[in-house]
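What follows is a short report on a single structure.
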Amino acid sequence: MADDVLTFAGYAGSLRKNSYNRMLLRALAKAAPAGVTIRELDISDIPLYNMDLEDNPPPSVVRLREEIRTADGLLIVTPEHNGTISAVTKVVIEWASRPPRDSVLEGKPAAIAGASTGYYGTVRAQAALRQIATIEEVYFMVDPELRVGRAAEKFGAQGELVDEALKAELTAFLDAFANWTRTIKNRRR
């Protein structure tokens, strides 16, 4: 893979078909700049983490881990449930980070985004996610942040992004994430 071409694995921490976070992830994929591809991870069949299965995980977990391992960066689009990340968001991190000797998150550049119907977007969920995944040696991009508030006003009935200012923000966010990923990759060489 050429240094100027990047592939990001991305997932929305919601299983709801019409979740705003899934809409945001798909809008990010459409807004990707030249040389950046976002592959949406299918997490619908990922079971709750079970340490008894760590050394012989289900096929869906093996697939998930390999998709994250081969990606240049990880894009996590998390909802905010009860002031923190969703269980769905966390279960992906749990499986991806285990077993510790083979964590696919170690040294991985990552970015967080999120959408909610409230005014503040997913500010608390993103802070909680940074605390959890820092232990896993994930290199989170800090700036810019992408917290989409009042999501119901930003997306149309078919799930398409209708807010022009947000479209521009998504492109700037992905440009910054591409630069962040290249910086981390160059440091690790």
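Any residue in region 156-167 that's touching a residue at least 40 places away in the same chain (Cβ under 8 Å): show its pairings with residues that are among the aliphatic types (A, V, I, L, M) and assigned to a helix (DSSP H, G or I) at Cβ separation under 7 Å, as long as the two are six or more apart or on different chains.
Listed by first residue and then by second, the contacts come to 159/23; 161/27; 167/31.
Quick one: what pairs do we get from region 30-53, first residue part of a loop (DSSP other than H, G, I, E, B), second surrounded by 12 or more Cβ atoms within 10 Å (Cβ to Cβ) and of a type in the set (S, T, N, Q), C-beta under 9 Å, 6+ apart or different chains?
32/171; 33/171; 42/60; 43/60; 44/60; 45/60; 46/60; 47/60
When the residues of region 2-29 are narrowed to those that are assigned to a loop (DSSP other than H, G, I, E, B) and in contact (Cβ under 8 Å) with a residue 60 or more places away in the chain, which ends up farthest from residue 64 (Cα to Cα)?
So in region 2-29, the residues assigned to a loop (DSSP other than H, G, I, E, B) come out as 2-5, 13-19.
Going one step further and asking which of them are in contact (Cβ under 8 Å) with a residue 60 or more places away in the chain, we end up with 3, 13-15, 18-19.
Working: 3: 24, 13: 14, 14: 16, 15: 15, 18: 22, 19: 21 Å.
So, considering only residues that are assigned to a loop (DSSP other than H, G, I, E, B) and in contact (Cβ under 8 Å) with a residue 60 or more places away in the chain, the one farthest from residue 64 (Cα to Cα) is 3.
Regarding residue 160, is this residue over 15 Å from the mean Cα position of the chain (by Cα), closer than 24 Å to residue 44 by Cβ and at pLDDT 95 or above?
Details: over 15 Å from the mean Cα position of the chain (by Cα): yes; closer than 24 Å to residue 44 by Cβ: yes; at pLDDT 95 or above: yes.
The answer is yes for residue 160.
The values are calculated or read from the model by the stated rules, or taken from the named source; none is laboratory data. Just so it is clear, the model here is predicted, and its values are computed rather than measured. Neighbour counts are summed over all protein chains in view; Cβ atoms, including those assigned to glycine, are modelled from backbone coordinates with ideal geometry.
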